[in-house]
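Q: Dropping a structure here in structure tokens format, bear with me for questions.
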Amino acid sequence: AQKITQTQPGMFVQEKEAVTLDCTYDTSDPSYGLFWYKQPSSGEMIFLIYQGSYDQQNATEGRYSLNFQKARKSANLVISASQLGDSAMYFCAMRELNFGNEKLTFGTGTRLTIIP
Amino acid sequence: AAGVIQSPRHLIKEKRETATLKCYPIPRHDTVYWYQQGPGQDPQFLISFYEKMQSDKGSIPDRFSAQQFSDYHSELNMSSLELGDSALYFCASSSPQGAGAKNIQYFGAGTRLSVL
């Protein structure tokens, strides 16, 4: 089974609007971390935001916030007031926080295009 | 702030040749990770090292090997290259803060390997 599912292959959003990128995950581990990364066309992978499974509040980092619904196993990324520079591929990832497991498991990504 | 440095940024090799990719982690980070991202794919975990010891292993081919040196830099050695090895290879680094820590992985800009 897919551990991370991103159901939106591509999205087009008008500049200055808010956008929500969907991510659902699957794990039986009670301790895990959820991450969002941005990959512009230049190729680098940029860390955006982190949410721990035991965190009581949704994570926020500037214009980025994570809508964490644990019971639904979803961790949607919300970008407020979108900008042209937000056009990129966005990956949701998870790390199960058990000893010896270091890897991030990524979803297939969502390509976001901001329209002027 | 200093980031993860990868070299070379681009590499072109022929089939059956060897390649060595280098990674210099963020200062004071002692864990490095290697990921492979094929065209249009999400990154796949290859291997990680903590304090110069292998800490986790993913779907790394037997033709590939890696190590972490005393100055914490890491090298990924790839032999008998195949056309399917053409990909973007990322190195990431993190600073563990104890068991279950969020352990954010910060990625380098990647090495784009083309096998002809």
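Q: Return the tail of the calculated pair distribution for chain A, meaning the percent of Cα-Cα pairs more than 20 Å apart. Could the numbers behind the result be given before it?
A: Working: 2505 of 6670 pairs.
Value for chain A (Cα pairs over 20 Å): 38 percent.
Q: Turning to a different aspect of this structure: Taking 2.2 N^0.38 Å as the expected size of a compact globular protein, what ratio does the Cα radius of gyration of the protein assembly as shown give against it, to two decimals?
A: On the way: Rg = 17.6 Å, N = 232, 2.2 N^0.38 = 17.4 Å.
Output field value: 1.01.
Q: Further, regarding this structure: How long, wide and thick is chain B, going by the Cα atoms along their three principal axes, in whole angstroms, largest first?
A: 42, 29, 29
Q: Residues of A:95-102, mean number of Cβ from any other protein chain within 10 Å of their own Cβ, rounded to a whole number? Don't skip to the answer; put the middle values down first.
A: Numbers: counts 5, 0, 5, 2, 3, 3, 4, 18.
Rounded to a whole number, the mean comes out at 5.
Q: Counting other C-beta atoms within 10 Å, which of B:Ser114, B:Ser70 has the fewest, and how do the rest follow?
A: Numbers: B:Ser114 13, B:Ser70 6.
Fewest to most other Cβ atoms nearby, the residues stand as B:Ser70, B:Ser114.
Q: Could you work out the relative contact order of chain B? I mean the mean sequence separation of Cα pairs under 8 Å and 6+ apart, divided by the number of residues, in percent.
A: 36
Q: Here's a follow-up. Which loop chymotrypsin sites (Phe, Trp or Tyr not before Pro) in segment A:1-72, with loop taken from DSSP, have no more than 12 other Cβ atoms within 10 angstrom of their Cβ? Show your work: numbers first, answer last.
A: Values: sites: A:Phe12, A:Tyr25, A:Tyr32, A:Phe35, A:Trp36, A:Tyr37, A:Phe47, A:Tyr50, A:Tyr54, A:Tyr64, A:Phe68; in loops: A:Tyr54.
Those satisfying the criteria are A:Tyr54.
Q: At a Förster radius of 22 Å, what calculated FRET efficiency corresponds to the Cβ-Cβ distance of A:Leu84 and A:Gln8, to the nearest 0.05?
A: Numbers: r = 19 Å, r/R0 = 0.88.
With R0 = 22 Å, the Cβ-Cβ based efficiency is 0.70.
Q: Taking A:Lys16 as the anchor, which aspartates and glutamates have their alpha carbon closer than 20 Å to its alpha carbon, excluding any fewer than eight residues away along the same chain?
A: Cross-link targets: A:Glu61, A:Asp86.
Q: Please list 3J(HN,Hα) in residue order for segment A:83-97, calculated via the Karplus relation 6.51 cos²θ - 1.76 cosθ + 1.60 where θ = phi - 60°; whole Hz, with x for glycine and proline.
A: Listing the rounded values in order: 10, 4, x, 7, 4, 4, 8, 10, 10, 9, 9, 9, 10, 7, 8 Hz.
Q: I've got another one for you. Please work out the Cα convex hull volume for segment B:49-110 and give it in Å³ per residue.
A: Spelled out: Cα convex hull of segment B:49-110, divided by residues, is 105 Å³.
Q: For A:Asn58, which sequence-distant residues (separation of 5 or more, or a different chain) have an amide H within less than 5 Å of its own amide H, given hydrogens modelled in the peptide plane?
A: The list, which skips near neighbours in sequence, is empty: none.
Q: Something else now. Cross-link partners among lysines for A:Lys103, C-alpha distance below 20 Å, same-chain residues fewer than 8 apart left out?
A: A:Lys103 reaches A:Lys3, A:Lys38, A:Lys73, B:Lys22, B:Lys52, B:Lys57, B:Lys102.
Q: While we're on this one: Given a Förster distance of 22 angstrom, what is the FRET efficiency for A:Lys73 paired with A:Ile46, based on the Cβ-Cβ distance and rounded to 0.05?
A: 0.35
Q: Assuming R0 = 41 Å, can you tell me the calculated FRET efficiency for the pair B:Thr18 and A:Thr27, based on Cβ-Cβ distance, to the nearest 0.05?
A: 0.65
Rule-based calculations on the coordinates, nothing more; no lab input. All figures in this text were calculated on a predicted structure; none of them were measured in a lab. Because the Cβ atoms are built from the backbone with ideal geometry, glycine has one as well, and the counts that use them run over all protein chains shown.
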